[in-house]
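Trainee: Once you've had a glance at the structure underneath, I'll fire off some questions.
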């Protein structure tokens, strides 16, 4: 069974919200971007910066 667009969109939003909360929790003290990326198992630096760090600023 193929998930609906609404279900898939909700899953993606939940994942992004979870990642943003994790970044905020980890960055209570200065931390390197590479450490954040490895903790969240993310590999693309530009996409990580554009999708997660820039919105938090």
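Trainee: Of everything in segment 1-27 that's in a helix (DSSP H, G or I) and in contact with a helix residue (DSSP H, G or I) (Cβ under 9 Å, 6 or more places away or on another chain), which residue is modelled with the lowest pLDDT?
Mentor: At the first step, the residues of segment 1-27 found to be in a helix (DSSP H, G or I) are 5-26.
Applying the additional criterion that residues be in contact with a helix residue (DSSP H, G or I) (Cβ under 9 Å, 6 or more places away or on another chain) yields 16, 19-20, 22-24, 26.
Working: 16: 83, 19: 87, 20: 88, 22: 88, 23: 90, 24: 90, 26: 89.
This residue is 16.
Trainee: Can you tell me which of 30, 55 is in a helix (DSSP H, G or I) and surrounded by fewer than 12 Cβ atoms within 10 Å (Cβ to Cβ)?
Mentor: On the way: 30 fails: in a helix (DSSP H, G or I).
After applying the criteria, what remains is 55.
The values are calculated or read from the model by the stated rules, or taken from the named source; none is laboratory data. Every value quoted in this text rests on a predicted model; they were computed, and no experiment measured them. So basically every Cβ, Gly included, is an ideal-geometry build from the backbone, and we count neighbours across all protein chains shown.
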